[in-house]
Structure formats: C-alpha cells, structure tokens
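Comments concern the structure below.
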Amino acid sequence: MSKISIGNKLALILIGLSVTVAGMLSWLFFIQFDTALQERVLLQLSSVKQLKINKVKTELNDRVSAFKELLSSTDSLSEESSLFSSISVEQEKPTSINDVSVTIQSKSQTGVIQLVDLTQTKGEITIGLVAQIDGSWLIAVSEIPEIQSILLERTGLGQTGESYLVGSDFKLKSRSRFTRKETVSSIQTEGVNNALLGSSGEGLILDYRGKEVFSAYEMIEMNGLQWVLLSEIDRQEALFPLEELKTNTAIIIALMLVFILLVSYFLSRLFVSPLILMEKKLTNMSKGVLQEAGEGGKRKDEIGRMFEALDKLVSALNKTIIYAGEIGQGNFNAEYEPLSDDDKLGNALIQMKQKLRQFQENEEKLIQENQKSIIDGQEHERSRLAKEMHDGIGPMLTTMRINIQSAELDTSKKETLLNRLDETITEVRRISNNLMPSVLEDFGAGEAIGNLINQVRQGFNGTIHYKNDMSAEPKLDEYANVSLYRIAQESINNALKHAVANEIKVSLSEFDDHIGYFIADNGQGFDMQVPKNGNGLRNMKERVKLVNGTFDIHSNASGTTIEIEIPLK
Amino acid sequence: MSSIKVIIADDHQLFREGLISLLSKSGSLEIVAEAESGDQLLDLLKTTTAHVVLIDISMPGTNGLEVIRQARELYPDLKFIVLTMHAEGQYVVKAVKSGAFGYLVKNADENELLAAINEVAIGKKYFNSEISELMITNMAIEEEAHKKLSERETEVLNLVSEGKTTKEIAAQLFVSARTVETHRVNMMKKLNVQNTAELIKRAAHLKLI
C-alpha cells in the first residue's frame, strides 16, 4: 500500500467511495422500486380481476333473472328467449345436459335455481340453469360468448397478461392466449387451489405453463356454479422497468467511474504535481542545491503555504550559508540573526564565529607578542653589543691610548699610533652608535633622532629641518622609545636614499596623550600600489602596530609624507 | 700652591692605572684615591679630601652625573671633570647642569687632560672648542623657558595671529595639518578659550604674542 503513489491512492479512494455509495443507493432504490412495482402490478391485476368478475357476474345474473322470469311464467314455455339456446322440461332430475353430466342437488326446493357448467370447448362458455318446479325440472342452456369477450379484454394487462376462467373441475373454460391446443387438461396452480378454497388474493405464483406470473385470483360462486377467475401477467414483463433500471444504473455507474477517473486524474495532478515538484526540490536541497519554490508559491492553499514555508527555509538556509561563507572567508564581523531560539545551526555558527574570532584574536595577540619579544630581544642584543663596544672595547682602547702616551716612544711613531688608535676609537663609537645610540636610552628618541639628523646632514645635498618638541623628561617607555627611533631612522633613511629630495622636514610633537612623528620630503614620491622590495615600509608599519600607534603615508609626484602617532600609556 | 689632589672614578681598572701613570709624570698633580664606581666615590669622599675628581659617566650603580649632583651639594668646593666615552652634546649639557666644571672625551690628549685639571682646579670651567660646540647646539633647545605654552605652540600661535591657514602653518613648521590643529586645540584648552579669535585676544593679553 505504501508503494502506491498518492495519485493512485486518491483515485482508489474516490472510486471505492463512489462505487460503494452508488451501489448502496442503487440497491436501496432497487428494493424500493421492486416492492413498489410489485405492489402496483398486483393492485392493477387485482382491479382488472375485480372488474372482470363484476362483468361476468352481471352476465350470469342476466341469465338467472331471465330464467326466473321463465319460471314464473311456465305457461309460456314455448316463448322463445334470446338468452337461452334451449329450454326443456324434464320429469326426472337430469344427470346430463347436452351430453355433459351434471350433478343437481335433489333436495333443492321449488324455485331454487341451480347453475351448472356445460362448457365443453374452451372459449365456448355454456351454462345450464336448472330448477325444480311442481315436481318437474326446468332446464335452460345458455351460451355466454360475452364472458369470453370480457376475458379477452386486455386493457391493463400488457403484452403477456391474460384473464381466464377455471372451473371447479380444474379445467380451463376460456381460451388461453398461449395454448391453442388442448394440452392443458387440468390446472391445479396455487392460485386456482387457493381460490377454490374460498380465499381471493394475489401473488407471485407459477401459472399453468410453469411460468412465473403475478396473479390475482378469486372464485365466482353463484347458485352452485364455482368458477375461478385469474388475471395474470408475466413477471418478466411486469418487472421490465426494473430490468431497465438495472441497465440504466449500470450505465450510470460506468459513466460515474469514468468521470471519477478523470476527476481523480486532475485532482492528483492538482495535488501530486506540486508534491513531486517539492520532492525534486527537497532532493536537490539534500544535494546542497538551494532554489526558490517558484510557481508553487502562487497558490493560497496548504500546498501554497508549504511552498511558502519551503521558500522561507531556502532563504533562511541561504542566509545561514552566506553567514557561514563570511566566516569561512575570515570575516568575523559578519552579523547573523538566529531564526529562532531553537536555530541550532545558526547558534552553532555564531558560536563557531565567536570561537574563531577569539582564536584569531589570541593568535594575533600571540603573534604580536612574539614579534614584540623578537624585536625586543634584538634591540636588547643591539643595546648590549653597543654597550660592550662603547663601555668595554672603548675604555680598553682609550687605556691603550694612555699607555702609548706614557710609553717611551719616538714622537712621530707615537703620533701615528695615536692617530690610528683615534680612528679605531671613532670607528668603535660609530659602530656602537649605529647599533644603539646611548643617547637614545639616556635622553630619549627626540635627542637621538636629533643626533641622527646631525650625522646625516653632512652627507646630504639639501636641507634637513628638525623640530623636537619633546619634553626633557622621556614619556615613552623603553620599547616605544626604541621603536620611535627605529621608525625615524628608517623613514629618514628612505627619504635620503630613494626620494631624490632636496628638502626633508622632520618633527616630533608631544601631546598629552600621544607623540606625533611627521616627516615630509619634496622628492619624486612613489606608487603606493606597487609593492616595494625592501622591508623598510613594512618594518615601520609593523613597529607602529606593535606600539598600538597609527601610520599614515601619502605619496605623489611632489613628495612623500608619513605621519605616525604613538599613544602615551 | 701645593700639588692638585686628584681622585679618579672609573670602572675600568686598566684605564685608571694608565691614567695614573700618565698623570704621575706631571709633578703638579697628586692622585690621592681611585674609585671603581660612583657609590664607592661617595664613600671615599667622606674620608678623603681632593680638589678635582675625574669621573666617568657610565659606571655600575649610580650614574656619574648623578654622583656629581649629589657630591656638589655635600662638597661645594670639589670640582668635577667628566671623562667619558660619550661624545654627544646631550651628555655635555647634562654634565654642566649637574655641576661638572669640565668635560673631556677619553681619547683626549695628555696635554688637554692636564690643562683641564689645572684650569678646573683654580675654579675655571674647561670645555674645548669641540665640546663647546656640542654644548651650545643642545643648550639652545634646553634653555627655552617653560612657559605656559610650549615653544611649538607659541610658534603656531604667532602664525595663527598672522592670519596663516593651518596648511600654511603646517608647511612652515614641518608638521602635518592635523598636528597644527591639535596644537591649536591644546592651546585653546590651556588658555581656557572657546575659539581662535578668543585665543588670539587672550594670548595678546598675556603678552605671549
């Protein structure tokens, strides 16, 4: 069952439901119709039978009345009566009339008319009227073709209906519509039996042909004559409308099935095609392809809302994807609003971002600290070396100088040695100074930069201006102090080596919260977009970053300016 | 006059020895003591009297210039000559401020050394031409009186009062425009005024311009 597609399920349900309903309705309707039809047929047969019985009785009464008249005027026996084919008077009680043996009640009183059936041939209904009068018997024979006419009157009996008379001897008296020959000798059907027992009635019974018929039967009893009149109609014909109904119902059910199939096809298209579309989209989504719901979203019903929900899901996922992408690209400033408190993916991403950011910050901090400690170590090493040379080798050389001065040597030789030694001392001082000027430590970057500029001024074909606005008390810590000096050293060096300038302006300004360093040259400038081979600029930026300072550089054809601010802690 | 009593304070023993043997040749000098640190010198001075101390700047413990400052308060008659490897003007200026009477670099000639000791011993100051130059260059900056406004600020103020724009001032003072702006704001803060016009008025009132 679960493997059947929704479309087929829908069709099955619709067909099942409608067939059941149609079947039950048809059956109920059929039963009702059947009952009503049978009742109607029997009622009709009953009234036809009653009508015919009345007519037959009228005919018989006519004969009886005429016979009475005859009795009352026996003197005119010779008078011909149109109703009787023969009239005779017998002295003895007759045992047969017209060769038909009859049974006459002998105890009957004078004037009591007895009727006897004299019919010999079907359709030629003949009765005999017998009455005892003054010890003799008056006998009249009457043929009654009217009765046959009455019975043949087929109004209300359709194609197969008939009315017929059966005598108490179970013999058919009227002509049968169905059997011309004398094949039926005795008719002992249920109707005849019932009627002869005195009960009139109607019902579905088997007639003398053995066919199922609707039958209404009643006994005609008059003056000793016992006849049974039956009005019958074939069941087949009577219930023909029922057969028609069956056929029509079958056609209607068949048409309904076709209609339902079509409807279920369209319904399933209506409901199933968006589901199939949804399935495709969800399958795609499971592969990571996100797309909008498209035309499905135009509907306003539950399916439309489903697509709306899908759209929401897609846009939410897209947002999440964009966010994840931003994180992936290292943009930890990307913002994301969780879809709800239960947005586990979103919250996990936010947490991931925070962790990554923290990690990155820690890493940056660590890297910065590492760089700082490397640079610091380097500077300390330089400082140590500079001091060793200045305070270690320097005094040794000066000691040697004193020793030479004290030595007993010839003056010119002494002069040469002292000059050589002075050169050496100057060189040691220069190297030491280059490594790390002692002024930097003892008097601060402002003074050290001043000394540096004084040194380079001699080899520069132009003017260098220097304004030192630093207070006598060094405010920068040792690290920032050295950094500022190195930055200045690098920038001055760059201006001298690369700028092709004839004027360089350097200034150092002290503020409450920061130290500003500014250098401008009127040289050729450089293209800031083109990366430089040297590490100069990068080192400067790095140093500034490590003291949490700001670095601004501008360069064009009329020169380069660099402005640095170092915060005071 | 009896011979000049000299104390040598230097952390390098070989240098001290060399100096002693160099100076001993001169009959007018007497090396009365030697110290290998500033702190040792201060101890020594409690028991030993001298006329002149030859002192190095860079020594373990208390820095030579600080020793001079302290000793000058305790022994006003004691004269100090700085004898150092440092050949930068800043040290010279600081030495003078600390109370040194003379300043020599260690590779000074024997004659110069003797001349310095002799000059200082009679209460004169000794700075050769080279040292004098270093000193003057640096003194020029140091001597700027600490007014309410800094030197740079006064410069900026003057230029502002002349009607120069920030850009022009920046160009003239070799600083960035932003620095000029910062100076201007700082001055307004210091003189407790709200705008440039008030600043000039107030500065004029204070006779700063």
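The values are calculated or read from the model by the stated rules, or taken from the named source; none is laboratory data. Since the structure is predicted, the reported quantities are computational estimates derived from the model, not experimental observations. A quick note on method: Cβ atoms are made from the backbone with ideal geometry, for glycine too, and the neighbour counts reach across all protein chains shown.
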**Subset of the stretch A:504-528 (residues that are more than 9 Å from chain B (Cβ to nearest Cβ), among the charged types (D, E, K, R) and farther than 15 Å from A:ILE553 by Cα)** = A:ASP513
**Request:** Please work out which one of (1) loosely packed, with under 15 Cβ neighbours inside 10 Å; (2) facing chain B (nearest Cβ under 8 Å) is the condition A:PRO395 fails and give its number.
**Result:** (1)
**Exclusive hit being over 24 Å from B:ASP77 (Cα atoms) and within 11 Å of chain A (Cβ to nearest Cβ), set B:GLU155, B:GLU198** = B:GLU155
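Within the stretch A:97-156, how many residues turn out to be of a type in the set (D, E, K, R) and over 23 Å from A:GLU69 (Cα atoms)? Explain how you work it out, then say what you get.
To start, the set of residues in the stretch A:97-156 that are of a type in the set (D, E, K, R) comprises A:99, A:107, A:117, A:122, A:124, A:134, A:143, A:146, A:153-154.
Filter once more, keeping what is over 23 Å from A:GLU69 (Cα atoms): A:99, A:122, A:124, A:153-154.
Number of matching residues: 5.
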**Asked** Looking at (1) over 30 Å from B:SER26 (Cα atoms); (2) of a type outside the set (Asp, Glu); (3) away from every other protein chain (no Cβ under 14 Å); (4) assigned to a helix (DSSP H, G or I), which is the one condition that is false for B:SER132?
**Response** (1)
**Asked** Tell me, which residue of the stretch A:457-480 that is more than 13 Å from every other protein chain (Cβ to nearest Cβ) and closer than 20 Å to A:VAL439 by Cα is modelled with the lowest pLDDT?
**Response** A:LYS475
**Complete:** The correct count of residues that are away from chain B (no Cβ under 14 Å) and hydroxyl-bearing (Ser, Thr, Tyr) in the stretch A:350-390 is 1
**Message:** Which numbered condition in (1) under 30 Å from A:VAL19 (Cβ atoms); (2) crowded, with 16+ Cβ neighbours inside 10 Å is the only one that A:GLU237 fails?
**Reply:** (1)
**Count of the stretch B:26-49 residues which are within 13 Å of another protein chain (Cβ to nearest Cβ) and in contact (Cβ under 8 Å) with a residue 40 or more places away in the chain** = 1
**Asked** Which one of A:ILE321, A:ILE303, A:ILE327 is β-branched (Val, Ile, Thr) and closer than 30 Å to A:LEU17 by Cβ?
**Response** A:ILE303
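Out of A:LYS387, A:LYS353, report the one residue that is surrounded by fewer than 18 Cβ atoms within 10 Å (Cβ to Cβ) and either among the basic types (Lys, Arg) or assigned to a loop (DSSP other than H, G, I, E, B) (or both).
A:LYS387
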**Index of the failed condition, B:SER129 passing every other in (1) within 30 Å of A:ILE404 (Cβ to Cβ); (2) more than 20 Å from the chain's Cα centre (by Cα); (3) surrounded by fewer than 16 Cβ atoms within 10 Å (Cβ to Cβ); (4) polar (S, T, N, Q)** = (2)
**Prompt:** Can you pull out the residues in the stretch B:173-195 that are more than 14 Å from chain A (Cβ to nearest Cβ) and at negative phi?
**Reply:** B:LEU191, B:VAL193, B:GLN194, B:ASN195
